[in-house]
Amino acid sequence: MAFLIIKDSHDEYQTRDLPSDMEENGALTVGSDASCDIVLPTGEGFAPVHCKVRWREGFWALRSVDGMIRVHGIEEQHVKLVEETNYHIGPHTMAYVQDDLPDDGDGDDTEEEEDKKDDGKPETDSKGEKKAITRKDIARSRKKRKLARKAGTAQMVSLAEQKKQSAAGGMLGTLYVLAVIVAAFIAGLTLRYFLLTGHYLPDKW
């Protein structure tokens, strides 16, 4: 599933999933207003409804509503979201990640390898814009999401085991109740026979 990494003006990171079932021309609003789908802190140059993240013609795009989008220092009204690019909306920065790491991690760099790639690299892009979200940040976000997904799978397995145990316990309980009923029935017959004959068991079977 594609997702966004957002670094806000307080240097706080968050990730937001981009729904895989978004209808054509559907959009998520981004702004400081509480009614937005993605709410970020107010700041200089950031509007209540600043922009929209749109799904259109098979790709995600960022479209301005009441605020500018800066990419490599250039102001844009509408841009296609691509990986390893920083999108600046007011004092906040956004990056797009196409999908998560596969569960086995094949074909993806480890966090240590990403650290080495970023070592010595400038903190600004070619236009002087501060590059707030790096490959290291993306690698860490992917790793956290992978661990969370594994934890969720483990929880699902645990719930399945609980259901099995509950079903087994219910069956044992039912058998216990049936055994008690049968025992009570036999005891009742024995008591009735004793009251009628004075013997607990028949002399002859």
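The values are calculated or read from the model by the stated rules, or taken from the named source; none is laboratory data. Owing to the predicted nature of the structure, the values given are computational and were not obtained by experimental measurement. Here the Cβ is made from the backbone with ideal geometry for all residues, glycine too, and neighbour counts use every protein chain on show. Just so you know, the surface numbers come from the protein's heavy atoms only, side chains and all, with ligands and any DNA or RNA stripped out. Shrake-Rupley method; radii C 1.70, N 1.55, O 1.52, S 1.80 Å.
Somewhere in the stretch 101-114, is a residue open to solvent by 40 Å² or more (accessible area, probe 1.4 Å), at pLDDT 85 or above and on the phi > 0 side of the Ramachandran plot?
Checked against the condition, which is being open to solvent by 40 Å² or more (accessible area, probe 1.4 Å), at pLDDT 85 or above and on the phi > 0 side of the Ramachandran plot, the stretch 101-114 yields no hits at all.
List every residue pair whose Cβ atoms lie under 9 Å apart, where the two residues are 6 or more positions apart in sequence or sit on different chains, the first residue falls within the stretch 129-152 and is in a loop (DSSP other than H, G, I, E, B), and the second residue, located anywhere, is modelled with pLDDT under 80 and open to solvent by 40 Å² or more (accessible area, probe 1.4 Å).
As it stands, the answer is K131/K121; K131/P122; K131/E123; K131/T124; A132/E123; T134/K117; T134/K121; T134/E123, since those pairs meet every condition given.
Is it fair to say G58 is of a type outside the set (A, V, I, L, M, F, W, C), free of Cβ contacts under 8 Å to residues at least 12 places away in the same chain and on the phi > 0 side of the Ramachandran plot? So that I can check it myself, show each step before the final result.
On the way: of a type outside the set (A, V, I, L, M, F, W, C): yes; free of Cβ contacts under 8 Å to residues at least 12 places away in the same chain: yes; on the phi > 0 side of the Ramachandran plot: yes.
So G58 passes the test.
Quick one: in the stretch 34-43, which of the residues that are part of a loop (DSSP other than H, G, I, E, B) and open to solvent by 60 Å² or more (accessible area, probe 1.4 Å) is nearest to V79 (Cα to Cα)?
Taking the stretch 34-43 as the starting set, the residues that turn out to be part of a loop (DSSP other than H, G, I, E, B) are 34-37, 40-43.
So of that shortlist, the ones also open to solvent by 60 Å² or more (accessible area, probe 1.4 Å) come out as 34-35, 37, 42.
Details: A34: 25, S35: 23, D37: 19, T42: 23 Å.
Checked the stretch 34-43; the qualifying residue nearest to V79 (Cα to Cα) is D37.
Could you list, ordered by first residue, the pairs with Cβ atoms under 6 Å in which the first is in the stretch 1-20 and more than 10 Å from H92 (Cβ to Cβ) and touching a residue at least 24 places away in the same chain (Cβ under 8 Å) and the second is assigned to a loop (DSSP other than H, G, I, E, B) and hydroxyl-bearing (S, T, Y), at least 6 apart or interchain?
Close Cβ pairs (under 6 Å, with a partner that is assigned to a loop (DSSP other than H, G, I, E, B) and hydroxyl-bearing (S, T, Y)) amount to M1/S20.
For the stretch 1-30, how many residues meet the condition of being over 19 Å from the mean Cα position of the chain (by Cα) and either in a loop (DSSP other than H, G, I, E, B) or on the phi > 0 side of the Ramachandran plot (or both)?
Result for the stretch 1-30: 8.
Report, by residue number, each residue of the stretch 44-56 that is in a loop (DSSP other than H, G, I, E, B) and either at pLDDT below 90 or exposed (fewer than 15 other Cβ atoms within 10 Å of the Cβ) (or both).
E44, G45, listed by residue number.
Does the stretch 57-79 include one or more residues that are among the charged types (D, E, K, R), outside any strand (DSSP E or B), surrounded by fewer than 17 Cβ atoms within 10 Å (Cβ to Cβ) and in contact with a Phe, Trp or Tyr (Cβ under 8 Å, 6 or more places away or on another chain)?
no
Just checking, does the stretch 46-56 include any residue being among the aliphatic types (A, V, I, L, M) and under 17 Å from the mean Cα position of the chain (by Cα)?
Filtering the stretch 46-56 for residues among the aliphatic types (A, V, I, L, M) gives 47, 49, 53.
Next, from what is left, pick out any that are under 17 Å from the mean Cα position of the chain (by Cα): none.
No, because not a single residue in the stretch 46-56 is among the aliphatic types (A, V, I, L, M) and under 17 Å from the mean Cα position of the chain (by Cα).
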